[in-house]
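Undergrad: The structure follows.
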Amino acid sequence: MTTVKTEVLIIGAGPSGAVAAGILRQNHERQVMILERATFPRFSIGESLLPQSMAYIEEAGMLKAVVEHGFQHKNGAQFAWRDKFLAFDFRKKFSAGWGTTYQVDRASFDQILVNEALRQGADVQFEQEVLGIEYNAQSKTNTVRVRDLTSQAEYTVEADFVLDASGFARVLPHLLDLEVPSNFPVRQAIFTHVNDNISPALFDRNKILITVHPDFMDVWFWLIPFSNGRCSLGVVAERDFLAQYAGTPAEQLATLVSQTPSLATLLQNADYPIPVQTITGYSANVKSLVGDGYALLGNAGEFLDPVFSSGITIAMKSASLAANCINKHYAGEAVNWTVDFEETLRFGVDTFRIYVEAWYQGDFQAIIFNERDYNNDIQMMISSILAGYAWDKSNPLVAKAKQRLTALKALCVD
Ligand SMILES: Cc1cc2nc3c(=O)[nH]c(=O)nc-3n(C[C@H](O)[C@H](O)[C@H](O)COP(=O)(O)OP(=O)(O)OC[C@H]3O[C@@H](n4cnc5c(N)ncnc54)[C@H](O)[C@@H]3O)c2cc1C
């Protein structure tokens, strides 16, 4: 069997894989190979970025290409429930850093990132499926078994480091028995793209719109405008809840939209040009994000929930942390992967988790839809979290997120 050698092997060319490759190729000239099972461009869900992710795109040297593409500008998030409405402007936030970002069709966005990784000298191979991995403790190398999907030939890649960026395929968690169940119930998303035909006066296209079902606080819709007159539309609910609704996913989506007057009004002239899709049981976790010669990036590690659009930000943060650990290693510096990668990453993921839990308990909605005009500082702190700054410990709503959210909710509902 043929054997190829590289310093770093990345499994998957989505945002976490491409950004890791970009950072590794910046100044340090690491040898990087990406193996991607699919051909690009390919559809992916996850289309609303958070401003925090721009820092990692910039770190990977990919900012110019992303900015110049002409994606839909994004500067905030809007929340609607019954007759209540609140907009957060990410430029008015507690944390320092980017206050704007983009809403992207992922086929184009992921293609741009992978083109940038190629431009920077990463060796990217498509239609290559990773099948197995073995670690040799003596030589401190991984031997990865791969199948070329065009010829069906198998070969091996020897690498000092393997970064698993395989998304929901979760290649290493499956191969190395790392899976642990998520604490979240099984939820399902039903989604599509629509030609929305919404009057500009009725909708700020620079913001994602999250609409809560009028009767069920844990059932919510996303409406993510693109720059081409389309929107991504989706609904999220527990799988068992959706099972009560008869019909195809398209019919279920239509019924739920029709039960939600503000959204139904916005979408009254929409047409549905592409098939409706579903994804179920996406929340996932692992025993550990690092092991001998490998680390798990993005969805291959832990995936929480789509509600705060945190997926790509977490994926890129994990890519940045792992690539910097590897760069330190080759620079001869000591690396503590548990502290510098796993614990650092998990801090922000755990912050988002607290907000996701507060969302499904209805506490977050109780805070933002309350009648009282809570103070501007608090709005800026919430805005920071919604903009992805979940690692900023100087934000009181990050540092002691749970206690302060509980206190805030008590203030809002008394
Ligand atoms: C319903 C829903 C809505 C979402 N909305 C948002 C949102 O608005 N904003 C946001 O930031 N996030 C969102 N997310 C999350 C977001 O989609 C992911 O977090 C993000 O795509 C993760 O990127 P990644 O690089 O980890 O993986 P991916 O983007 O999934 O890339 C993984 C790549 O690995 C490849 N691969 C898989 N198996 C193999 C193999 N064996 N060998 C080689 N290659 C392989 C795949 O083909 C794929 O190209 C949403 C998620 C869901 C479920």
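Undergrad: Nearest 5 is fine: what % of DSSP beta bridges in the chain come out antiparallel, could you say? If you can, show how the numbers build up before the last one.
TA: Working: 53 of 77 bridges.
Taking every DSSP beta bridge with both residues in the chain, the antiparallel ones total about 70 percent.
Undergrad: P(r) tail for segment 236-386, what percent of Cα pairs lie past 20 Å? Could you put the intermediate results ahead of the total?
TA: Numbers: 7321 of 11325 pairs.
Percent of Cα pairs beyond 20 Å in segment 236-386: 65.
Undergrad: Which three numbers, in whole Å and largest first, are the semi-axes of the equivalent ellipsoid of segment 329-414 derived from its Cα gyration tensor as √(5λ)? Each step should come with its number before you reach the end.
TA: Numbers: eigenvalues 206, 31, 17 Å².
After scaling each eigenvalue by five and taking roots: 32, 12, 9 Å.
Undergrad: Apply the Karplus parameterisation 6.51 cos²θ - 1.76 cosθ + 1.60, with θ equal to phi minus 60°, to every residue of segment 43-50 and state each ³J(HN,Hα) to the nearest whole Hz, in sequence, with x for glycine and proline.
TA: Coupling constants for segment 43-50: 5, 8, 8, x, 10, 10, 7, 10 Hz.
Undergrad: Based solely on C-alpha atoms, express the radius of gyration and the Dmax of segment 65-161 in angstrom.
TA: Rg then Dmax for segment 65-161, in Å: 21.5, 65.
Undergrad: Could you work out the relative contact order of the chain? I mean the mean sequence separation of Cα pairs under 8 Å and 6+ apart, divided by the number of residues, in percent. All intermediate terms of the calculation are to be shown ahead of the outcome.
TA: Details: 850 pairs, mean separation 89.3, N = 414.
For the chain, the relative contact order is 22 percent.
Undergrad: Suppose R0 equals 56 Å; then what is the FRET efficiency for Ala246 and Val4 from their Cβ-Cβ distance, rounded to the nearest 0.05? Write out the running numbers ahead of the final one.
TA: Numbers: r = 52 Å, r/R0 = 0.93.
Efficiency computed from Cβ-Cβ geometry: 0.60.
Undergrad: Now for a different question. Per residue of the chain, what 222 nm ellipticity follows from adding -39500 (n - 2.57) for every DSSP H run with n ≥ 4, rounded to the nearest 500? Each step should come with its number before you reach the end.
TA: Numbers: 14 runs with 137 residues, N = 414.
Value at 222 nm, helices only: -9500 deg cm²/dmol.
Undergrad: How far apart, in nanometres, would the label points at Asp215 and Leu86 be if each is projected 7 angstrom from Cα along the Cα-to-Cβ direction?
TA: Computed distance between label sites Asp215 and Leu86 equals 2.5 nm.
Undergrad: Can you give the alpha-carbon Rg of segment 187-280 over 2.2 N^0.38 Å, where N counts its residues? Intermediate values should be presented prior to the final figure.
TA: On the way: Rg = 12.5 Å, N = 94, 2.2 N^0.38 = 12.4 Å.
Expressed relative to 2.2 N^0.38 Å, the Cα Rg reads 1.01.
Undergrad: Shifting gears a bit: Highest first, please rank the peptides 362-369, 256-263 by the mean number of other Cβ atoms sitting within 10 Å of their residues.
TA: Values: 362-369: 19.8, 256-263: 18.1.
Top of the packing list down: 362-369, 256-263.
Undergrad: For segment 187-280, what does the relative contact order come out to in percent, with C-alpha contacts under 8 Å and a separation of six or more? Provide the component values of the computation, followed by the final result.
TA: Values: 158 pairs, mean separation 41.5, N = 94.
Relative contact order for segment 187-280 comes out at 44 percent.
Undergrad: Here is a further query. At a 1.4 Å probe radius, carbon and sulfur cover how many percent of the accessible area of the chain? Don't skip to the end; give the middle numbers.
TA: Details: 8290 of 16730 Å².
For the chain, the apolar C and S fraction of the accessible surface comes to 50 percent.
Undergrad: Taking the 0 to 90 degree range and rounding to the nearest ten, how far is the long axis of helix 401-413 tilted relative to the main principal axis of the chain, both from C-alpha atoms?
TA: Roughly 10 degrees between the two axes.
Undergrad: Using alpha-carbon positions, what is the distance between the centroids of segment 137-194 and segment 206-231, in Å?
TA: Cα centres, segment 137-194 to segment 206-231: 31 Å.
Undergrad: Also, I was wondering about something else. Taking 26 Å as the cut-off for C-alpha to C-alpha distance, list the pairs among Lys140/Lys287; Lys84/Lys393; Lys92/Lys328 that go past it.
TA: Working: Lys140/Lys287 22 Å; Lys84/Lys393 31 Å; Lys92/Lys328 35 Å.
The pairs that break the limit, which is 26 Å between Cα atoms, are Lys84/Lys393; Lys92/Lys328.
Undergrad: Here's a follow-up. Using θ = phi - 60° and the Karplus curve 6.51 cos²θ - 1.76 cosθ + 1.60, what whole-Hz ³J(HN,Hα) does each residue of segment 117-129 get, with Gly and Pro shown as x?
TA: 4, 4, 4, 7, x, 6, 8, 10, 10, 8, 6, 10, 10
Undergrad: Once the other residues with Cβ under 10 Å from the Cβ of Tyr360 are scored (Lys, Arg +1; Asp, Glu -1), what is the net sum? Intermediate results must be reported in sequence, preceding the final value.
TA: On the way: positive: Arg187; negative: Asp218, Glu238, Asp305, Glu357, Asp363.
Once positives and negatives cancel, what remains is -4.
Undergrad: Kindly report the accessible area of the chain per residue (heavy atoms of protein chains, probe 1.4 Å, no ligands, DNA or RNA), in Å². Walk me through the intermediate numbers first.
TA: Details: 16730 Å² over 414 residues.
Per residue, the chain has an accessible area of 40 Å².
Undergrad: With labels modelled as points extended 7 Å from the Cα through the Cβ direction, what inter-label distance (nm, one decimal) is found for Lys64 paired with Asn27?
TA: According to this spin-label approximation, the distance is 1.8 nm.
Undergrad: Suppose we take every Cα in the chain and form the convex hull; what volume per residue is that in Å³? Walk me through the intermediate numbers first.
TA: Working: hull volume 59.1 nm³, N = 414.
It is 143 Å³ per residue.
Undergrad: Something else: Please compute the alpha carbon radius of gyration of segment 115-220, then divide it by the globular-protein estimate 2.2 N^0.38 Å. Two decimals is fine. Working shown, then result.
TA: Details: Rg = 21.7 Å, N = 106, 2.2 N^0.38 = 12.9 Å.
For segment 115-220, the normalised Cα radius of gyration is 1.68.
The values are calculated or read from the model by the stated rules, or taken from the named source; none is laboratory data. For clarity, every value in this text was computed on a predicted model and none was experimentally measured. Backbone-built Cβ (ideal geometry, glycine too); neighbour counts: all protein chains shown. The area values use the complete protein model at the heavy-atom level, side chains included, leaving out ligands, DNA and RNA. Shrake-Rupley method; radii C 1.70, N 1.55, O 1.52, S 1.80 Å.
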